Amino acid sequence: MDVEQKSRFTVNRSSQAVAADQRAILLADPGFGRVFTDHMVTIRYTEGQGWHSHKVGPREPFQMHPACAVLHYAQEIFEGMKAYRLNDGQIAMFRPEENARRFMESAERMAMPALPQDLFLEAVAELVKIDADWIPEGEGSLYLRPFLFASETFLGVRPSNEYIFCVIASPAGAYFKGGSKAVTLWVSEHYSRAARGGTGAAKCGGNYAASLIAQKEAIGHGCDQVVFLDAAENKWVEELGGMNVFFVMDDGSLVTPPLGGTILPGITRASIIDLARAHGHDVREEPYSFTQWRDDAASGRLREAFACGTAAVVTAIGTVKSSGGDFTIGNGDGGIVTEKLRAQLTGIQRGTVTDPAGWVHIV
Ligand SMILES: *Cc1c(COP(=O)(O)O)cnc(C)c1O
């Protein structure tokens, strides 16, 4: 099919695309977020005119006026999704329409124009197709980063009248080399990620900016990731800086903190809830306190805990550290329910396990 005729995007192929042998070297060990493909998609928005100037072109820097609104008031949202190469050579994406929907919801919260779902999906598909040679074989994937930012040159405080939507892509290796290992978490005592009425449920850069000091503190305590408690009572477990959490009890039931404005509604989280229920597990979306977590780990009522999100999919939580002391969950190395759900979800994404709900889309 001739993409260039069918779509509303003008396509301008890069004349400086990375040569195949050089690309092969980069794909051998891409790491995460360091290597970028040859192209990018951009769509502009102007108040009164709407979305315009749909382009697929060479990846290149933006020209920005120093008064560009996003640099001052952080009106910015993003998504994170992956394209995979299936065994039969086809390219697949996992529930991309959910990313498109969440992107609209994030935009609304940040007083930004909502990019129509079909345009979001088309933009992502355009980039995946033109840069398909950048999708790593085997365990790796092409990480896609759609984002939208306020581009008006104006220092007044109000929503911008101009925006740029952009999609870039970055090949990623297997998240954990040599299999997944359990992570150690630090419980943040002094910092909150999100408060009621705030932006916790929107995927915006500002949430990450606010979480970085706590993540730095976690690293300083020898931990991999920070886990945040609620801002109001400093009592209830919410989520990690960029992943949702689940607890697996000794009766086989699962608990995950309920959405409600302060937690990012993860697509992996929603998928795990459905998968676990399909496997006969009782799944409860209910508040779970840090003290309960500690007590349940000690008594053995809590068997496993894991974090989940697009980047690492499902990651076991081994040890939890806080100023009040440390505790370990189970044998500190994950468990069978975590492993079962991880294998099931990655199998569906990779096309090696039946996909009963139609989650996988062929690009
Ligand atoms: C993106 C994100 C997640 C995970 O969402 P997925 O859709 O599963 O990738 C969880 N928490 C935060 C704060 C996030 O930004």
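Couple of notes before you dig in:
- The calculated Kirkwood hydrodynamic radius for the range 232-363 is 15.3 Å, given to one decimal from all distinct C-alpha pairs.
- Structure note, pairs K181/K216; K129/K181; K203/K321; K181/K235; K82/K235: Cα-Cα distances above 29 angstrom occur for K129/K181; K82/K235.
- Inter-label distance, nm, simple model (7 Å from Cα along the C-beta direction), T10/R301: 6.4
- Helical contribution to [θ] at 222 nm, DSSP H n ≥ 4, -39,500 (n - 2.57), averaged over the chain, rounded to 500: -8500 deg cm²/dmol
- Between F78, F62, F149, the Gaussian network model of the chain with springs among Cα atoms under 10 angstrom shows the greatest mean-square fluctuation at F62.
- With neighbour counts taken as other beta-carbon atoms within 10 Å, the residues K55, K181 rank, fewest first, as K181, K55.
- Helix axis angle, 117-130 relative to the chain longest principal axis, alpha carbon, degrees: 80
- For the range 3-172, the fraction of alpha-carbon pairs lying more than 21 Å apart is 49 percent, rounded to a whole number.
- DSSP bridge pairs, the chain: antiparallel proportion in percent, nearest 5: 85
- Largest mean-square fluctuation among E105, E233, E286, in a Gaussian network model of the chain whose springs join Cα atoms under 10 Å apart, belongs to E233.
- Residue of V35, V248, V353 that the Gaussian network model of the chain assigns the largest fluctuation, springs spanning Cα pairs under 10 Å: V353
- Note on the range 232-269 and the range 18-91: Cα centroid distance 30 Å, given to the nearest whole angstrom.
- All other residues whose Cβ lies under 14 angstrom from that of N99 are scored, Lys and Arg at +1 and Asp and Glu at -1, for a net of +1.
- Counting every other Cβ atom within 10 Å of each residue's Cβ, S192, S160, S53 order from fewest to most as S53, S192, S160.
- Selection from L341, H221, P66 lying farthest towards where the dipole of the chain points positive, charges on Cβ: P66
- Under 12 Å, Cβ to Cβ, from A195 - net charge with Lys/Arg +1 and Asp/Glu -1: -1
- Counting every C-alpha pair in the chain, the share spaced more than 41 angstrom apart comes to 13%.
- 0 to 90° range, to nearest 10: angle between helix 267-278 axis and the chain longest Cα axis: 50
- Using the Cβ-Cβ distance between E105 and L155 with R0 = 25 Å, the FRET efficiency computed as 1/(1 + (r/R0)^6) comes to roughly 0.35.
Each value in this text was obtained by applying a stated rule to the coordinates, not by laboratory testing. All of these numbers come straight from a predicted model, not from anything done at the bench. All Cβ positions, glycine included, derive from the backbone under ideal geometry; neighbour counts span all protein chains shown.
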